[in-house]
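Have a look at the structure below before the remarks.
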Amino acid sequence: MSNTTHASAPLSDVTVWYLEQTSPADLSPAAAPEGPVTVVRSGTPLPEFSRFLYTAVGGDVRWTDRLGLTYAQWQEILERPGGETWVAYENGTPAGFIELDAQEDGAVEIAYFGLIPAFRGRRIGGHLLSYGVARAWDLAERHPGRKPTERVWVHTCSDDGPHAMDNYLRRGFRLFDTRIEREPEAANPGPWPGAHA
C-alpha cells in the first residue's frame, strides 16, 4: 500500500553523521552542572513514560519514527535484552534522557539522546551524555551473560539541535561515516500542537 502523503510531500536533504568510541578511555566527561541534577535509570519499562520523554525531547527536532507505534510495540522496545533508559532530573522534574540499545558483538548504540527544550543550554546535556556513555561502557555488568562493551556508537543529523554534534565530539566520539538522505519535509510534531510556538 503506498503512502500518498509522503509521496506528494516535498523532499529535503538531511545530513546524517555516524560517530563512535572504541574504548572507555575515549570518553571525555563533561563537568557536572551546578544545581540539583541527578541521572536515574528508568528500571520499570513503561511505554507512557517513554513516549512522554520521546515527544517532549524530540518534538521540536522532528522525531517522528516512533509516533505511530502501538503500546505493545513500545513495550517490546523497552523490554529488549540489554536496553536501558537513563533520565536526567532537575529538582525532581525530567529534563532529558538517553536510551541505550545493546547490540551483538559488544556494540551499544545510543538510540536516543536529548533534553526537553526548557532545559537546554544549562550544561545538563554534556553531563547526561557523559553519564549515559559511561553506562554504555559498563552495561554488561548489569546484564549477566552479555559480552562486555567494545564499541559505543550514535548517529545524529542536521535536523537535530545545533549543539548535538559538538557535544558528541567533545565527549570523545569520532566520525566514521557521513550520508545524505532525502526525507519528506514535515512540521515539527511537538509534544502537542503549538507547544514550541
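Brief remarks follow.
- Among the conditions (1) surrounded by 13 or more Cβ atoms within 10 Å (Cβ to Cβ); (2) in contact with a helix residue (DSSP H, G or I) (Cβ under 8 Å, 6 or more places away or on another chain); (3) closer than 20 Å to residue 98 by Cα, residue 184 misses just one, which is (3).
- Residue in region 85-99 that is of a type in the set (Ser, Thr, Tyr) and surrounded by fewer than 21 Cβ atoms within 10 Å (Cβ to Cβ) present: yes
- Taken over region 122-136, the residue count meeting the criterion of being over 16 Å from the mean Cα position of the chain (by Cα) and either at positive phi or of a type in the set (A, V, I, L, M, F, W, C) (or both) is 1.
- Yes/no for residue 144 being without any contact (Cβ under 8 Å) to a residue 12 or more places away in the chain and out of contact with any Lys or Arg (no Cβ under 7 Å at 6 or more places or on another chain): yes
- Any pair with Cβ under 8 angstrom, 6 or more apart, that starts in region 178-190 at a residue that is within 20 Å of residue 155 (Cβ to Cβ) and ends at one that is among the basic types (Lys, Arg) and open to solvent by less than 60 Å² (accessible area, probe 1.4 Å): none
- Output for region 32-45, where each listed residue is open to solvent by less than 80 Å² (accessible area, probe 1.4 Å) and either closer than 14 Å to residue 132 by Cβ or of a type in the set (A, V, I, L, M) (or both): 32, 37, 38, 39, 40, 42
- Region 100-126, residues that are within 21 Å of residue 49 (Cβ to Cβ), touching a residue at least 40 places away in the same chain (Cβ under 8 Å) and either out of contact with any Lys or Arg (no Cβ under 9 Å at 6 or more places or on another chain) or open to solvent by 20 Å² or more (accessible area, probe 1.4 Å) (or both): 109, 110, 112, 113, 116, 117, 120, 124, 125
- You will find that of 66, 62, 51, 80, the residue that is charged (D, E, K, R), assigned to a loop (DSSP other than H, G, I, E, B) and in contact with a Phe, Trp or Tyr (Cβ under 7 Å, 6 or more places away or on another chain) is 66 and no other.
The values are calculated or read from the model by the stated rules, or taken from the named source; none is laboratory data. Computed from a prediction, not measured in an experiment: that's the story for all the values here. Cβ sites come from the backbone with ideal geometry, for glycine too, and all protein chains shown count toward neighbours. Accessible surface areas use protein heavy atoms only, side chains included; no ligands, DNA or RNA. Shrake-Rupley method; radii C 1.70, N 1.55, O 1.52, S 1.80 Å.
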